[in-house]
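Everything on this sheet refers to the single structure shown next.
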Amino acid sequence: MRKVAILGADIFEDQRELTLFNTTDIEATYYSCKDPLDLVDKLADIDGLIVNLEKVTPELLSHFEKLKVVGRYGVGVDNIDLKAATEKKVAVINVPDYCVDEVAEHAVSFIFAVNRKLFTSASLTKQGVWGKVKDLKPIYPIKDITLGVVGTGRIGMKVIQTMVPFGTKIVVFDPYIKQENLPDGVMLVSFDELLEISDIITIHCPLTEQTRHLFNTASFGKMHRKPALINVSRGPIIDEVDLLAALDNGTVSFAALDVMEVEPPATDAPLLHHPKAIVTNHIAWYSIQAEVKLRDLLVTRVIDYLDGKPVPSIVNKF
């Protein structure tokens, strides 16, 4: 019998995956661990591995002789060593098509909230400040701001399409898209120009070696309009030490984040308590429908791959 190990499913409240695996000759087992290396003796003969945020390193992969596929709960695969997986001819499968609307809605919610300065206003209310706008100035209508979008994949493009009807001026940086592929009125610009002219910047690019710490002291220094910064992508795209300095000196007016460099963050992490930041707990992906879709699609794709059927979202090629 073929075997699949499921890690990182602790975030879910049931064992939905088994309803699909039980229709096959694949035995699926849930495991809980901080480090998958602690489980190598139990996982030595698995054919498939499903992970959430667990690190799939070359050392871990070296323990598996039968492993054919690693599935990731989500879109990003930066926790999986793709080079090592490819060398061992282990397919890496993700689910890039399960939460586009949810993450885009989270980003758009942040866009409107930071533009109206709702988080700051709520904080002032708790301090007894009522009916005064002095500490909220300036606030502009959404149609009069410039929104910078970094990355135009499924989610970035959904954000653009959502914001266009509001009349917002939108500029985009993405080295992989052409101007003719953008909606009318949306302008493709360089990264530096986006930094210079944006009032709000929202990040929708993957975490790669090229994008790690893309937002740092150097890039913050080019932000002439003191923009708010939104990140619903991957935490390490922002250097958090540099972001804290930028918030303190006013280069960045506000940060709205759903992701952080280290997850989960320590409860005393400075950004969690900064008056110019709001951090949600990496839940931009979530809706009832998105959770069901994520789990069902991933399990179906792992089963299909093990059965030799075509799979639409294999990240690596060999």
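For the structure I just gave you, tell me whether V279 is surrounded by 15 or more Cβ atoms within 10 Å (Cβ to Cβ) and in contact with an Asp or Glu (Cβ under 6 Å, 6 or more places away or on another chain). Here the answer is no, as V279 does not meet what is asked.
In this structure, G8 does satisfy being of a type outside the set (F, W, Y), in the same structural domain as L298 (by TED's automatic domain parsing) and at positive phi.
Taken over segment 246-297, residues that are farther than 19 Å from M223 by Cβ, in contact (Cβ under 8 Å) with a residue 12 or more places away in the chain and of a type in the set (S, T, N, Q) amount to 3. Among the conditions (1) in a loop (DSSP other than H, G, I, E, B); (2) more than 18 Å from N115 (Cβ to Cβ); (3) out of contact with any helix residue (DSSP H, G or I) (no Cβ under 6 Å at 6 or more places or on another chain), the only one that A218 does not satisfy is (1).
Residue-wise test of (1) of a type in the set (D, E, K, R); (2) surrounded by 20 or more Cβ atoms within 10 Å (Cβ to Cβ); (3) over 21 Å from D304 (Cα atoms).
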| site | (1), (2), (3) |
| --- | --- |
| L7 | no, yes, no |
| T19 | no, no, no |
| K34 | yes, no, yes |
| L60 | no, yes, yes |
| L67 | no, yes, no |
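Within segment 166-178, residues that are closer than 16 Å to G151 by Cα reach partners that are hydroxyl-bearing (S, T, Y) and in a loop (DSSP other than H, G, I, E, B) with beta carbons closer than 7 Å, at six or more positions or on different chains, in the pairs V171/S198; V172/T152; F173/S190; D174/T152; I177/T152.
The listed residues are V292, V262, V241, and the only one of them that is outside the structural domain of Y176 (by TED's automatic domain parsing) and either in a helix (DSSP H, G or I) or modelled with pLDDT of 95 or more (or both) turns out to be V292.
Out of G128, G148, G156, G185, one residue alone is of a type outside the set (A, V, I, L, M), crowded, with 18+ Cβ neighbours inside 10 Å, in the same structural domain as I230 (by TED's automatic domain parsing) and not in a helix (DSSP H, G or I). It is G148. Cβ separations smaller than 8 Å between residues 6+ apart or across chains give the following pairs from segment 116-133 residues that are closer than 21 Å to A256 by Cβ to residues that are part of a loop (DSSP other than H, G, I, E, B): R116/I139; K117/I139; T120/P275; T120/K276; S123/P275; L124/K132; V133/I139. Put simply, of T251, T267 the only residue that is in contact with a Lys or Arg (Cβ under 7 Å, 6 or more places away or on another chain), farther than 21 Å from V75 by Cα and part of a loop (DSSP other than H, G, I, E, B) is T251.
Scan segment 190-197 and give yes if some residue there is touching a His at 6+ places or on another chain (Cβ under 7 Å) and either more than 19 Å from D242 (Cα to Cα) or of a type outside the set (A, V, I, L, M, F, W, C) (or both), otherwise no. For segment 190-197, residues touching a His at 6+ places or on another chain (Cβ under 7 Å) and either more than 19 Å from D242 (Cα to Cα) or of a type outside the set (A, V, I, L, M, F, W, C) (or both): present.
The values are calculated or read from the model by the stated rules, or taken from the named source; none is laboratory data. Everything quoted here is computed from the prediction, not taken from an experiment. Every residue, glycine among them, receives a Cβ derived from its backbone with ideal geometry; neighbour counts consider all protein chains shown.
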